Each structure stands twice: as C-alpha cells, then as structure tokens.
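Report on the structure given below.
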Protein chains: 2
Amino acid sequence: MVGTKNMGHTFPGAVVPFGMVQLSPETDTVAYELNGSYNPEAYKYCSGYQYDDKTIVGFSHTHFSGTGHSDLGDLLIMPTTGVIKLNPGTAANPESGYRSRFSHDTEIAEPDYYSVFLEDYGIKAELSATTRLGFHKYTFPETDTANIIFDLMAGIYNYDEKNVWTFVRVENDTLVTGYRQTAGWARTKTVYFAMVFSEPIIDYGHEKYDSSIYRGFWRKFDETKNFPEMAGRKIKAYFRFNTNNEIKVKVALSSTSTEGALKNLIAEIPHWDFEQVKNHGQQLWNKELSLINAEFQNETQRSTFYTALYHTFLSPHIYMDVGGLYKGLDQNIHRADNFTNYTVFSLWDTYRALHPLFNIVQPSRNKDMIESMMAHFNQSVHKMLPVWSHYANENWCMIGYHSVSVIADAMVKGVIDKKKEYLQASIQTANNDYYDGISFYKEFDFVPEDKNSSSVSKTLEYAYDDWCIAQMANMLGDENTEAEFLRRSEYYRNLFDSDIGFMRPKFSSGEWKKDFNTLSTHGQGFIEGNAWNYSLYVPHNPDALVELMGGKEKFSTHLDSLFTMQLDDKYINATEDITRDGIIGNYVHGNEPGHHIAYLYNYADHEWKTQERVRMILESMYSNSEDGLCGNDDAGQMSAWYIFSSLGFYPLSPGSEKYDLGSPLIVSASLNLENGNIFEIKTKNQSPENVFVDKIKLNGQILNRNYILHSEIVKGGSLVFFMSDKKN
Amino acid sequence: MVGTKNMGHTFPGAVVPFGMVQLSPETDTVAYELNGSYNPEAYKYCSGYQYDDKTIVGFSHTHFSGTGHSDLGDLLIMPTTGVIKLNPGTAANPESGYRSRFSHDTEIAEPDYYSVFLEDYGIKAELSATTRLGFHKYTFPETDTANIIFDLMAGIYNYDEKNVWTFVRVENDTLVTGYRQTAGWARTKTVYFAMVFSEPIIDYGHEKYDSSIYRGFWRKFDETKNFPEMAGRKIKAYFRFNTNNEIKVKVALSSTSTEGALKNLIAEIPHWDFEQVKNHGQQLWNKELSLINAEFQNETQRSTFYTALYHTFLSPHIYMDVGGLYKGLDQNIHRADNFTNYTVFSLWDTYRALHPLFNIVQPSRNKDMIESMMAHFNQSVHKMLPVWSHYANENWCMIGYHSVSVIADAMVKGVIDKKKEYLQASIQTANNDYYDGISFYKEFDFVPEDKNSSSVSKTLEYAYDDWCIAQMANMLGDENTEAEFLRRSEYYRNLFDSDIGFMRPKFSSGEWKKDFNTLSTHGQGFIEGNAWNYSLYVPHNPDALVELMGGKEKFSTHLDSLFTMQLDDKYINATEDITRDGIIGNYVHGNEPGHHIAYLYNYADHEWKTQERVRMILESMYSNSEDGLCGNDDAGQMSAWYIFSSLGFYPLSPGSEKYDLGSPLIVSASLNLENGNIFEIKTKNQSPENVFVDKIKLNGQILNRNYILHSEIVKGGSLVFFMSDKKN
C-alpha cells in the first residue's frame, strides 16, 4: 500500500514483476477534462487508487506505477448483484451507480494478490495476475442476480473524445473477446483482450453512449441484448450469471489482436486454480526481491526497502504476446527476435537511478529494455529513441533525450555490446532539429528562452546527454563524434551567470532574462524545478560546476543554504508532483532534478555532509506507510534512489562507471548478481546516530576514495562501511 | 460510362477485374446525414460519380459498383495549384474549395484507364490501377505551387461520426503510410495505405477537424506543418511539390497493415511507367472479356453487352495482400490458404444471376468466393454465412440467407466439391433464431407480419433458400436434412391467399392483413417489390406456383396484366432504386425481385411470351449510354441478367442445373470455358423483329424442351436458335 496516499501514485493491485497486466482497483473515475478544461482532480488518480477514498469503482487491467501524468485503466470489471447499473455513480452517493463502499480493514495487498470486501454487494473480490493475464475471483453472497459489469468507457485520464472505438464479441457462453481503442496520452492505442468466465453467461447486453449507429441498412436486431457483436465509440456491457458462489474471470491482454490475447490466455493459465496463480506470482516476486538480501536496523526500514525494490520491478512493462509479437510504434505488428519487448519508458525519471539499478540487479532485462528502445528507434518516423513512450506511442513527456544515457550507462558497464547502431541511433536522436529546441541549441550553443521555453533545463540536460553520446563514441573509437559531443556537453557553461551564481535563461540576443526569480519553478526557464535545484545539474562534470560556483567552500555553503533555507509557502505550494513533506529547505526530493544533489558535497571534499543529508533523506522522505512516498514514484525512480542510497552509493552520472559513496542504511546486503558473483555490503557500528562513515574497506583493503566502480561490484567482493557518529 | 447517370450507380474510374482498388472520380461529397437525419441527396452518390455534375472533387481508391446503399470512397486525392484549400467547396461555387470544373469532352473512360482535364487548375489527370494499387498521373501546368490534397475525411455516405481514426506517417520525402478507420455501413473498417510520390515532397501539413488533441504532456511541436506523424478523428493533409510537369502517385491498399500495403506497393508496381500499368490492365480486361466472344446485330448491342460483362467482373473485390493475408470478420489477420479471398457480397442481388454466371465463365473465382464465404462463416460470431458483407464486416443489408443458394448452385454444377462443411454452414445459418424472424418462421411455418416486417418477402426467400439446402443435403445423402428443408421450402404456400390470388401478409393469429394494397411496396409485407411482383417468387417450384394461381392460362394472363397494366404515378415514384424507365407496366426490372418473371411464361406453356418479354427488356431496359441502366447495377446482378438473357437462357432457380430458354440477342457467341471446352451459341435469322424461337438444336439435335442443363454447357457443344417473327 506504500505510496497509495497523496502523491505516490502507486497502485495496490496484483501484478508480477514487469508484468503487462496490473490488475488493480480504481477508487474513483475522475475525468481528465471537464467542459473542455483540465480537471485538477484527475491528477490524484494517475494510478486509479487513492487511499482516502471510501468506494471502489471496479478493477481494471492496466496501470502506471507512480507517474505524474496518466492513461490506461483499461477494461474495468465490477461484480455486482441486483439491478444492472452501468454508471459508476458518485462517491457521495454510491447507490447511484455500480460502485461499492469498502474498508481498508478488509483489504489485503500482497505481491500479486489483492483482496477487498465490496460492502454494497457482500462480494469478496480477490485478484491475482500472470504476465499477460488478470485473474479475478469473486465470491458472491446467495443471490439470483450475479452480475459482472464490464465498463469499456472507464479509464484513467478519460475525456470525452478519448474512447475511439470498442469492439466486443461474445464468442460463446463463457468467452468474450474484443478491444478498446483510445486516444489519450498514447494517441493511437489499442488494448485487445480475451476474457473467460468460470460460469456460463445466462444473459448479457450493452449500452452505447455515442451517436454512432449500426449502419446495416435494415436493423434487424435488438443489438443491446444477447447480440454477440457490440461495437461503438462508447460501450458499457454487462453479463449475468446464475450463481450464488464464485465467479472467476480470466482476462488476457494483447497489443496485437484478440487472437494474440487468446493465445496468451491459453498459454499462461490453462486452469481455474486461483491459489496456484497467486502462489506462482508470489514465488516470482520472492525470486526477484531476493536479488538483494538485506538486513536492516528495524522492520520499518526493511519493509520500506523491499517495497521500494518491489516498485522498481513494476516498470517498464513487458509488451508482447507469448511468442514475441507486439504492436510497434508504426502500428504494425513486429516480432521481438531474441529479446523481450518492453514499454512504458519514463526516461526523464528513470535514466537517473532505475536503469542504473537494473544494470546491477537486472542486466538481462535492461539489455532487453534497450533492445526495445532500439526497436522503437527503428520504428520511429522521427528516427528518435524514446523520450517517454508507452503502448506503441511516443507521448513526448518531459525533456531531453535520456535514452542515450541509459544506453551509454549500459555500454560503459558492459551490459550491452559496444555496437555502432547504439551510437548511430543516439546521434540521430540528438540531431532532430524539430525536436524541442534542438535546432536552436545547435545554432546558439544553448536553447534561447525566447525560442523555446524551459530553455535552461533543456540546455543542461542536452549537455549531459551529449556527454553520454561522447562516452559511447569514445568506447567505439569514433573520435570525431566524441569531440563534437564533448563540445556540446560543455554548453551548460553558456547559461551560468557568474554574477548571480545561478544558471539563468538567456535570449537569442545574448541577454539574460530580467526579473529572474531563482525560487519559482514557473516561467523562469526551468521545468519541475527552480534555479536553486536545477543550477546544480551538471552530473557529467561536477568538478567544473564546483569551479563555476566559486570553488569547494563556497559550493558547500551554497548546498547548505539549499538544504536549510526557509522556503515561502507560495513556492512550496507551486512545486509540482510532491507533498509538502517532499522538501528539505529548498531541496526538492519529491521530484527528480535534485536527486543527485546530496552527493555533490563529495566534490567539495565535504563527504560527511553527503552522508548526513543522504541519511536524512532516507529517513524522512520515505516510510512504509500509505503516504510513504514524498512525491510521485515516477515508474520506480524515487524507489531506485532509495535502494541505491540505502546500499551506500549512488550513480551520480550514468554513463560513467562511478558510484558516489554516501551513508548506507542497511546493516548488510548481498547483491546476487546474474553472473553468479555476490557483492556484499556490510556496515560496522550501524545505528541511527552513526550516519557518518569513518572508513571503508573494499575487499579488505582501505578505500581511499569517495566512489566505487561498477566493475568492482560485478566482480563480486565485499564493501564494508565503518560507521560513526563523528564527521570524517 | 454506362450507368453513371441516374440510378445505375456505376463508376467510370480505373480498375482491373475484381480489383481491390477502384480508383475513380468523386463528383460531389454529399453527407449521408445532415443534422442527424438521412439526406436523400446522398443516394445518387453511392459510387461517388454522377454524370450530370459539373465538378470533380477528387479521386478516391475504393468504390462499390451499382449498389443501392454505400460506404467506401477512401483516401481521396486531388491535385491543385496555388493556395492550399482543404475544403472541397461547393458545386455552385467551385472556387470555395479544392474541387475543379471539368467537361465530359475531355473525359476518357476505358477499362483500367480514366482521364479528365481539371479546368480550374489546368491539370490533366490520368488514373490506372493494378489489383491492389491506384496509379495517378497528374500533368501540371507551369506552376511553382503544385499541391496534392489528401482528404482523409472524404468518403461516400459520410456522416459526422463516421471517421473513427486516422493515422498518417510521412516516412521520407516520397513515402507516406497510414490508415483510415471508419464506422459506416461496415461498422468496424480500416483501410491501410502506402503512398509514394514520383517527386520529393517539399512541404506538407494537415488540419484536424475534431477536438481530440495530442496529449503529449508538453506540446513541443507545431504538429500541423512538416511533422511526420498525424493522427486524429478527422484529418485532411496536403503535400507540396516543386514541379511544373508531372507528379505521379502510387497508392497501395491493404486490409491488414501499412506493412501489408507497402508489400503490395513493392510487389505490384516496382516502376513509374504509367503506360505499362495501363497496358497491363487493359490486357487483363481483354483476357477476361474474351471469355465470351460474341457477335451482335449492331455496335450498340455489342458495347452494351461488353460493358455489362465488364460490370459483372468488378465485384466481389479481391481482399487480401500479396501473400494472402487479410483482415477477417473477427478483426484478426488471417491467411487465405489455397484460395483468393474476396469481399463485397451483395448476395440478395447476386445469387440470382451473377454467381450463376461465374459458374459458367469464372468457376475458379466463384469457388474462391465460396471459400471466402466459408471463411466469413468460420469467423462469424453469429455462425452465419454472409448476408451482405464487405471489408471484414457483415452489414446485414436486405433479407434471406442467399449464400446457401450460391453454394448449392456451385455444388450442383460441380464447381465446388460435395463437402459436408458447406451443408453444415448452411444449416447453421438457416437456424440462427435471432436473425430476422427465423425463430417465428420456424414456429409458425411463415414469418408473421406482427412479429417481423417484410414478412412475406422473408418467408418466400427463406423457403427458396431452404430448398437450396435440401438440394445440398440430397447431393450429400443426408436424408433427414433434405426432408426437413424440403418441408420448410413449402412454407410459401402458407402465405398464398387463394381468395385474392396473391401472396399476402399473415399475422401470428392466423389472420390475413386487412387493407392490403397489392400495388404498394411499402408496409404491405414486402421489401423493394409489391405483391404483384413478389407473389411470383417461388423460383424452386414454378409449377406449383402456376397451380396455386389457378393453372397455366390464368397464370399467363396474370403475367400479361403485370406487364401491361397502367401503374399510377404515385406507385412508380415510390418504387425503390430504379428510374421511371425501369418499369414495364407494373413489372419492375430495375430491382431484383422480378428478374426471373419473364421466364415464368415457360411454365404456362407460353414460351413465346417469355421470348417477347425478354427481348423487350433487353432492348428497352439497357443501352450503351450513360443512363443505360434502368436501376442500380447491384454489384453486377443487373448486368448478369443482361449477359444471360442475351445469350438466350437464364438460371431461374439457382441450385438447379436448369437454365430456362428465352430469346437470344446475340448473333453468335462462344463461351470459352475454363476446362478448355467451348460452348457455341448461334442464331439463325436473327433480327430485331425475329424475337421468337422457331426451333432449337443442341449439338445438331432438335431440342424438345424449354431449358438446357449446366452439364450440357460445360461439356462444350453448340446451341442453335432458329429465330422467327412468328410465335411458336
């Protein structure tokens, strides 16, 4: 349940590691738009669930974990009794629709298992999943009117035009196939399904809520009742059963076709044993979570850590049928040859720590994720690697081209081969002149604010990404490319205003923006961060940043100010995607741009401050309660920060082999690597007070540096932190 | 051009025999609905073209031939010069949009070639096609603004909600791919395309006419200009070129994917030689039209005959990619193994004479059409053979289940094997209780008018179809099924009111409908025919019909009345789908229910009346002018009647081996059969006055009957009609 309250945007439902199906309850259906305008209430429901809600609308099959924008919520199922209601009704008046009251007292949320009692109907709902299937088990009270509502209009971030087309066939008295096609954040998205009931349907029908009509010249049928083909823009169906006990429902998804969904259905669960599915799913989770065996100072830390690890293993989603067929960005069906295809790449978030974490504990998956990105590139009409992609669509969310960071990081760490194709795709991506200010970035050596907004954030992130490309070029021996992109990687300098000591928007005329507010996140040349946080974004060259900002002492003091200053309420309230608790001074942990900042003290020779701040963040920004995330989990990035920092190190600059050392939270941890090696991290004198590191031994030898290398981890070995309550 | 004026509903554009692409001009874009109500003006544009119009809107790639309801008109292209206009404008004010004036003087319509001069732009347009490709050649005047308008909203029988989704990718500076998804007569239809230009695009863009927006969180682009992915419900695009000479465009279609369209594009026309495509297409037509080598009394008859033959070879359409993939009724992709998949089955029309004609001159194609129907059956969630199907949809148009007639006819004629699957599919189709009154038909032994409208037409046609099933059962030795369906085939008797001598609607109470009008086609228990015409519909047992109606003399006199009575204008004007000229007395030739009637005199021993009427119909209901069809050509049925009757015989009861003899129009004709045999038909003393048959010799022997058998034709041989001006 961690993160299901407030801004975490996680979901409590059933899912296997990286599964295509996330079968989870929706606690409300809030339109993304009301009367043509954005509805701010929608934001809370990015993952469909809000802990404070009192009713459940139903259980749908697709969910993002932790995102700050949304889509999905496909194929909502709700078991009811009595009169058929096709409208969800309102939370204030649940009887007005098919929704039901529920209580957290009856709610169980475990890996791959979710259960709740639907009070209005007396139905116990249990959910489990395999990679491509959702398995519902509904235990009904004694009733002669057991219904399954199948709401094909319901969805997350719905708006009036979002439902594009719906097609449903009742193939026989237990099997239903079809698809839901939507135009949401994924502009051209179709989710195909095959759904099978454990009991025969005795009666079914649908209502259509659009004005398209069945244009057969003579309308010979009452289409709305027991007519086995339903189609239209907006459809809600129901199925009635004769049962006073259990109705089980298996719903298989596919991106390719109902034929694909049916293949998945047959392949993944050829039986009706709910317990077997749940047990299998929980075994899968135990296996994945055992990749790190960690001991903690207390149970709270332990459950926080393993929940974080759980959250890092939810996205990206596997996105192909058994056999490897999937829908590509060009909307054609492709076969994933020799890799597993993934979707949901929230790259502005996840390049920072999630993909680096995968390079340690999930290298094979990360390699496949990169193959999936390359497939995206090859299918892209823009010839670009993904920016933020899901369900065979590029949604262009946020900025940068951070796929290149993920690729460079995997290449420098030996997770992928040093192949020219990766470099070539990265170069092409970085040179798409119509993408988000790139042409200006190339022309002016920075993005001018008058040409393209959020110009400073873009310039800084492009510069970092370009450095990643230079690293690839270096590994591939392409000196010209290396030189060109190293040159571009220095463009951050062009936006540093040494007069004020901040990165600052510049116009194409060469003039700085006037009336510059370093505290505001809006209209100041940044995005989801203010000048205080974003000016520290030169991950590929922190030494140069320290230099620019006046040297180590001044820099360290500047960081102190960041963490300790009193931020006015108006700025706190305007900070995106976080709870009020997600800020320490003016340092925003609840959003990504600052995730590396605590580790920057290492570059000012003030390692003890890194240690102190990292432990403070670990202890204050995360917990094992429903509101245990201080901002959007962002497809696992917030959680990945927690995993790394708990282990005592962090990838400040993905694309480099280096991990900056901090202050571990664990008592000990074994990383069970794919190559069979084990890397053990141990602490001596660990305690809540002993947050400082006195000395470190790597494989028994004193380590005289504030970082370790990826190669040192994958070789296996041991890292021992000697903790103390004294700064060193 | 025959049939392009008034009700013929044929199109003049470029197409190869049974081609998937019908590249043809639209002379107007008239909405099927205006303000939510049916717009009667739309009907004229079933095939997109009306001869009397003065402007051309553009050239689209898919058209029905001769239908009385419509759809298609996909992917409209219009070449223009000057300012980009994305609206077609009005016929009254062509400058208000992209349309252009034209004159029939500059128009050339040949098999697989159409050309016209677009006066407003000074552009010569030429069109040709292969099976899956449209080839456009536009010769521009000197201009620096040559445009191709690509209107993805345009379509035939459009209405506001018809455009479901549109997806377009500009893959490079000459290649564009995408699809148009619509909800029209085919409720769930997608046409994929790959379009290549002979010149590089220098500039392009689109406008969106719906309120869906690109929900990428940050909208970084001006999507409307030179942005290579366009998507939305309602899209119109344009492409600009630097040329003052020719722009050629190849557009390949597919039902499966843009990948499929691209394969078709590459496979079918790997060059830019327009003449080669045209010549190849015309050779194909010569080959197909040479299946019958006929001599006539004059050129008018000859061109009327060969145009009719041309029209019979337009539908059904081939509907699969090179390699055999196609979208099936279940919306999945299927492979046609060992057959060519066809779509567009206007079966209420075409079972009468078109498919029987194919059994003689196109048996292999007819076999494949039946395999296509069987694939439809196997994919049907209703487990029904097609009623009226097109583009992977059942549109349910008209009545009956006449697929069974097509199958029985092919089986009795040896065109398909005697396989149980055919019978099984037919039986299941005939027993779908929720289909159009079937449950009542089975319960009451007729369709009661209070239970289901047009009850007499349905009862009569079901009875005939059931007789067809009995014929199959007989051939397969299934005696029980034969007996059951023979019993059902007699149900026509239950609606014959011997008091008035007409078929008449009956209620479930057993009472006849009161206030019964035998002349009206509306509300009298019939559909597209009145009691006078429809009461004669017992094709499988005309002898019994003669008996019911009081014997041969009375029957013959009754038929005379039909052909000679003076029908009030109000009835003529209310008769569907025909021109005023499509009626002889009260006999309606412009619609199908009466197509067998002239041959019924044979069953009253008044063969000379059949001969006289058939010749009268041949000469008065058809011509080689634009208005040469007296009603909808109905996917070739009207034309097939002409071919058969011109040759001197007609399949009065498909499912039987018999062809009733009439009065040939030809001087001579050779049927070049697929088995290598030739069946020669000759006339002696043929002349406009010598419409009566004095005697007939089959293979040199006097024929003492008024019919021939299919087996006599396929063996090859000669049939000689000795014509005379005297009744015999």
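What to note about this one:
- Separation between Cα centres of segment B:300-358 and segment A:403-418, rounded to whole Å: 54 Å
- Cα-based shape type of segment B:56-186, given that a ≥ b ≥ c are square roots of the gyration tensor eigenvalues and the cut on a/c is 1.5: rounded
- Fraction of the pair-distance distribution of segment B:436-502 above 13 Å, Cα-Cα pairs, percent: 62 percent
- Dimensions in Å of segment A:31-74 - Rg and Dmax from alpha carbons: 10.9, 28
- When the Cα atoms of segment B:295-724 are aligned to their principal axes, the ranges along those axes come out at 58, 56, 44 Å in descending order.
- With the convex hull drawn around the C-alpha atoms of the protein assembly as shown, the volume per residue stands at 181 Å³.
- Zero-based 10 Å bins, Cα pair distances in segment A:276-406, whole percents: 12, 39, 31, 15, 3, 0
- Degrees separating the helix A:637-647 axis from the principal Cα axis of chain A, which is the longest one: 50 degrees
- Our coupling estimate for segment B:521-529, obtained by passing each phi through the Karplus curve with A = 6.51, B = -1.76, C = 1.60 and θ = phi - 60°, is 9, 10, x, 10, x, 10, 9, 6, x Hz, Gly and Pro reported as x.
- Global dimensions of segment A:409-457 from alpha-carbon coordinates: Rg and Dmax equal 14.3, 41 Å.
- If you sort B:HIS558, B:HIS61, A:HIS522 by accessible surface, 1.4 Å probe, largest first, the order is A:HIS522, B:HIS558, B:HIS61.
- Kirkwood estimate for chain B, i.e. one over the average of 1/r between Cα atoms, Å: 26.4 Å
- Set the Cα radius of gyration of segment B:399-555 against 2.2 N^0.38 Å, with N its number of residues, and you get 1.04.
- Annotation: amide H of B:ILE123 within the under-5 Å range of B:LEU118, sequence separation 5 or more or interchain, hydrogens built in the peptide plane.
- The mean number of partner chain beta-carbon atoms within 10 angstrom of a residue's beta-carbon across peptide A:258-270 is 1.
- Whole-Hz ³J(HN,Hα) from phi, Karplus 6.51 cos²θ - 1.76 cosθ + 1.60, for segment A:342-347, glycine and proline x: 10, 9, 6, 10, 8, 5
- Heavy-atom accessible area for B:PHE692, with the other protein chains in place and a 1.4 Å probe, reaches approximately 10 Å².
- Cα gyration tensor category, rounded, prolate or oblate, for segment A:277-316 with a/c compared to 1.5: prolate
- Sorted largest first by accessible area at a 1.4 angstrom probe radius, with every protein chain in place, the residues B:HIS540, A:HIS271 fall in the order A:HIS271, B:HIS540.
- Between amide H atoms placed 1.01 Å from N, distances below 5 Å from A:TYR707 occur with A:LEU661, all of them 5 or more places distant or on a separate chain.
- Degrees between helix A:274-289 axis and first principal axis of chain A (Cα, 0 to 90, nearest 10): 10 degrees
- Peptide-level mean, for A:390-397, of C-beta atoms on other protein chains within 10 Å: 3
- Note: relative contact order over chain B, using C-alpha pairs below 8 Å and six or more positions apart, is 12 percent.
- HN-Hα J in Hz across segment A:712-724 - Karplus 6.51, -1.76, 1.60, θ = phi - 60°, x for Gly and Pro: 5, 6, 5, 5, x, x, 9, 10, 10, 9, 9, 8, 7
- Database remark: amide H of A:HIS317 closer than 5 angstrom to the amide H of A:THR343, A:VAL344 (H placed geometrically; neighbours at sequence offset of 5 or more, or on other chains; Pro and chain starts carry no H).
- Net charge of Cβ neighbours under 12 Å - reference B:GLN22; Lys, Arg +1; Asp, Glu -1: -2
- Given charges at beta-carbon only (K, R positive; D, E negative), |dipole| of the protein assembly as shown in Debye: 1280 debye
- Relative packing of peptides A:42-49, A:494-501 - highest average C-beta neighbours within 10 Å first: A:42-49, A:494-501
- For chain B, the longest principal axis of the C-alpha atoms and the axis of helix B:479-488 are separated by about 90°.
- Using a 7 Å Cα-to-Cβ projection, A:ASN685 label spacings across copies, nm, ascending: 13.0
- Which of A:TYR38, A:SER255, A:THR188, positive extreme of dipole for segment A:24-275 (C-beta unit charges): A:THR188
- Ranked from largest to smallest solvent-accessible area, with a 1.4 Å probe on the protein heavy atoms, B:MET374, A:MET565 come out as A:MET565, B:MET374.
- Summarising the overall dimensions of segment B:1-124 from its C-alpha atoms, the Rg and Dmax are 13.8, 39 angstrom.
- In the protein assembly as shown, taking the dipole from charged Cβ atoms about the Cα centre, the farthest positive-side position among B:TYR434, A:GLN611, A:TYR441 is held by A:GLN611.
- Listed peptides B:238-246, A:568-576 by packing density, highest first (mean Cβ within 10 Å): B:238-246, A:568-576
- B:LYS419 label point (Cα plus 7 Å toward Cβ) to equivalent points in the other copies: 4.4 nm, shortest first.
- Segment A:24-275: C-alpha gyration tensor shape, a/c 1.5 cut-off, then a/b vs b/c: rounded
- Cβ-defined net charge surrounding B:GLU626, 10 Å radius [Lys, Arg +1; Asp, Glu -1]: -1
- Using every pair of distinct Cα positions in segment B:347-429, the Kirkwood expression returns a hydrodynamic radius of 12.6 angstrom.
The values are calculated or read from the model by the stated rules, or taken from the named source; none is laboratory data. Remember, it's a predicted structure, so these values are computed and weren't measured experimentally. Please note: Cβ atoms are built from the backbone with ideal geometry, for glycine as well, and neighbour counts cover all protein chains shown. Just so you know, the surface numbers come from the protein's heavy atoms only, side chains and all, with ligands and any DNA or RNA stripped out. Shrake-Rupley method; radii C 1.70, N 1.55, O 1.52, S 1.80 Å.
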